[in-house]
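Below is one structure, written out as structure tokens; comments come after it.
Where a number appears in this text, it was derived from the coordinates with a stated rule and is not lab data. Keep in mind the model is a prediction, meaning the values are calculated, not measured. Cβ atoms come from the backbone with ideal geometry, glycine included; neighbour counts cover every protein chain shown.
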Amino acid sequence: MLLFVLAFLGGVLTILSPCILPVLPFVFTRADQPFRRSGLPLLVGMALTFTAVATLAAVGGGWVVQANQLGRGVALTLLLVFGLALLFPTFADRLSRPFVALGNRLTATAGGDVSPQSSLLLGVATGLLWAPCAGPILGLILTGAALRGANVETSALLLAYAAGSAVSLAAALLLGGRVFAALKRSLGAEEWIRRALGGAVVLGVLAIAFGLDTGVLARISTASTTRLEEALFGGLMPEHGPTVSAGDDGVLLPGPAMAGGGAMSGGPAMMSGNPAMTGGAMMSARGAAGLPVVGALPALDGATEWLNSPPLTADGLRGHVVVVDFWTYSCINCLRALPYVKAWYEKYRAQGLVVIGIHSPEFAFEKDLRNVRREVKSLGIAYPVAVDNDYALWRAFGNQYWPAHYFVDAQGNIRHTHFGEGEYDESERVIQQLLAEAGAANTPSGFVAAAGEGAALPSDELHVLSPETYIGHARADSFASPGGQVPGVAHAYTVPPRLSLNEWALDGPWTVGEESATSSGAPSGIVFHFQARDLHLVLGPGPAGKPVRFRVTLDGMPPGANHGTDVDADGNGVVSEERLYQLIRQSDEVRDRTFAIEFLDPGVVGYAFTFG
């Protein structure tokens with residue numbers, strides 16, 4: 001029940017977000033009409049349409065994307081006609097096409113009331129276009145929608161969010177109606193108000209058509225409501241621990257992109273090794289001194305494929321201590337935890353420890369079994385790996401994070417959990433205790449020293465001031481190219497003269513999708529003003545896997561000794577496969593720098609920056 005209250009209050013806060021600005025003119029065109037016949041049907045239509053579109057966007061496939069784009073196109077055309085009819089009263093009289101006539105019916109004639117049906121239609125069109133800025137609360141809701149599948153609870157939470165937004169808009173609408181009525185009485189300005197609203201509607205349509213609602217306004221919105229949402233989350237659901245904004249190095253909401261999403265996307269949170277986040281109740285269930293039963297090992301029959309092993313079952317694992325590691329191969333936090341998981345397997349397998357890696361993908365390319373096989377081999381993973389492309393095991397465990405570790409005793413009981421990086425000695429102490437309980441002989445003592453190399457080297461938390469940053473428009477933040485992102489079409493981007501810390505920009509021709517951006521020509525590039533020891537970028541090659549050459553600079557110069565493992569000292573490298581590339585490792589003083597990458601061939605796909 002608290003989650004529904006949280007969703008409703010999160011919706012109420014959307015009135016404070018700049019992302020609401022493009023749809024406000026559509027709502028205020030009904031401010032001078034009776035609320036029950038005009039404003040209420042409009043808001044009901046908007047809320048129900050948003051709920052339906054968001055549900056399908058989170059759980060649907062590619063056909064949903066196409067249908068949603070078609071619906072948005074129709075809605076934009078309809079509302080443009082509506083705005084022009086308000087702005088120019090003679091416009092409707094000169095047009096006779098049925099579609100235009102439908103748009104013109106939305107218009108309130110001077111002195112007349114609109115019908116509930118026309119207001120409902122206007123609300124449906126508004127709901128198709130509304131893309132609220134995805135803060136922590138909406139990110140949490142869409143996580144469940146994407147990973148638990150279509151169900152009544154998913155739709156009810158989205159409806160609660162939409163209802164909260166509708167309530168705040170209703171208050172604004174009722175207040176606006178009083179203001180407009182006063183203006184009419186005192187100034188006789190009805191026609192002037194009508195034309196001003198028409199102009200505002202046209203501007204709102206243009207803002208949405210050019211992606212300002214998911215670009216510039218989304219960036220401005222980050223600071224306006226996220227802190228309030230975090231306070232609500234912490235106050236209503238303290239048992240889940242603090243929710244950290246995208247500007248912090250902790251839980252990032254909304255999380256990973258889901259293939260086939262719509263204008264919004266959410267998913268599981270990525271956990272980092274920030275010391276402030278790795279020691280609390282959120283991260284670790286209990287210390288090794290007392291290990292209560294916190295659940296049972298679910299059936300493992302939902303995997304789409306098993307690697308390094310035939311399919312395993314919960315019943316077949318009885319008598320063994322089991323460590324389950326949820327991971328995905330482009331996740332930097334998972335890569336930094338992986339050396340410890342591998343070391344535990346090698347150290348304790350003779351005593352009966354079974355380690356199972358559950359690969360639950362973040363990006364669409366991580367569902368490609370060829371990629372997963374390649375990375376399992378490249379990373380030296382010898383223990384069983386369950387490929388969880390349908391998130392069936394993720395849902396069975398009720399998991400929410402990458403990486404996530406579940407420690408299971410010989411009776412099949414989950415006795416301990418840990419989310420994120422860090423506390424490796426504590427986790428190994430749990431393994432030793434569970435093996436002792438199972439009667440294992442000659443259990444080794446002490447703790448492994450398994451710090452990785454390259455991208456797997458533990459993060460330099462003291463100097464990391466840059467957050468994980470996604471390139472696709474569904475979760476992009478701090479994007480600074482003039483005009484913002486233009487979703488779904490090829491567009492020539494430019495880099496502004498100056499970037500503030502953690503701002504980034506595209507350069508040259510790019511097509512920005514929901515979870516990634518694809519270079520439409522060469523040369524093209526990305527520039528990022530960051531501060532961290534390490535900079536990584538998740539990239540994929542061109543069509544049919546054609547390699548893409550690139551060149552990296554740091555403050556306009558070759559990186560030299562500051563180059564990453566996938567770049568030489570002159571900054572040269574090649575994108576040959578879909579994975580995380582380490583491009584920068586500052587070897588001298590760690591400070592804020594301007595990173596630039598130029599792609600010398602077309603077709604490269606960029607997904608996300610991570611830092612360490």
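Near the amide H of Asp477, within less than 5 Å, lie the amide hydrogens of Tyr470, all on another chain or at least 5 residues away, with H placed in the peptide plane.
What FRET efficiency comes out for Ala196 versus Leu175 if R0 is 25 angstrom and r is the Cβ-Cβ distance? Round to the nearest 0.05. Kindly include the intermediate steps, with their values, before the conclusion.
Details: r = 17 Å, r/R0 = 0.69.
Efficiency for this residue pair is about 0.90.
Taken along the Cα-to-beta-carbon direction at a fixed 7 Å, the label points for Ala441 and Arg374 span 4.6 nm.
Between Leu203 and Arg429, the contour length at 0.36 nm per residue exceeds the Cα-Cα span by 75.2 nm. Backbone phi angles across the range 35-44, fed through the Karplus curve with coefficients 6.51, -1.76 and 1.60 (θ = phi - 60°), yield HN-Hα couplings of 4, 5, 8, 10, x, 5, x, 4, 5, 5 Hz in residue order; Gly and Pro are listed as x. Phi-derived couplings, Karplus 6.51 cos²θ - 1.76 cosθ + 1.60 at θ = phi - 60°, listed residue by residue for the range 491-500: 8, 8, 9, 10, 9, x, x, 9, 10, 6 Hz, with x used for Gly and Pro. Each part gets one Cα centre, and for the range 426-457 versus the range 305-378 those centres are 16 Å apart.
Evaluate Rg over Rh across the range 292-361, taking Cα atoms for both radii and Kirkwood's formula for Rh.
Computed over Cα atoms, the ratio is 0.95.
Over the range 477-575, Cα pairs under 8 Å with separation of 6+ residues give a relative contact order of 18 percent.
Kindly identify the range 361-465 as rounded, prolate or oblate by the Cα gyration tensor criterion: order the square roots of the eigenvalues as a ≥ b ≥ c, call it rounded if a/c is under 1.5, otherwise compare a/b with b/c, prolate if a/b is larger, else oblate. The shape class here is oblate. Given their separation in residues at 0.36 nm each and the Cα-Cα distance between them, Glu305 and Glu453 gain 50.4 nm when the chain is fully extended.
Distance between the modelled labels on Asp588 and Glu346, one decimal in nanometres: 3.6 nm (7 Å Cα→Cβ projection).
Assuming R0 = 22 Å, what is the FRET efficiency of Asp390 and Ala490, from their Cβ-Cβ distance, to the nearest 0.05? If you can, show how the numbers build up before the last one.
On the way: r = 33 Å, r/R0 = 1.49.
According to the calculation, E is roughly 0.10.
Between Ala382 and Asp570, the simple spin-label model (points 7 angstrom out along Cα→Cβ) gives 4.0 nm. For Thr565, the residues 5 or more places off, or on other chains, whose built amide H falls under 5 Å of its own are Gln582. When the Cα gyration tensor is reduced to axis lengths a ≥ b ≥ c, the ratio a/c is 1.5 or higher for the range 295-456, and with a/b not above b/c it is classed as oblate.
When the chain is fully extended, how far beyond the present Cα-Cα distance does Leu600 get from Ala561, taking 0.36 nm per residue of separation? Mind showing how you got there, number by number?
Values: separation 39, 0.36 × 39 = 14.04 nm, distance 2.26 nm.
Taking 0.36 nm per residue and subtracting the Cα distance, the gain is 11.8 nm.
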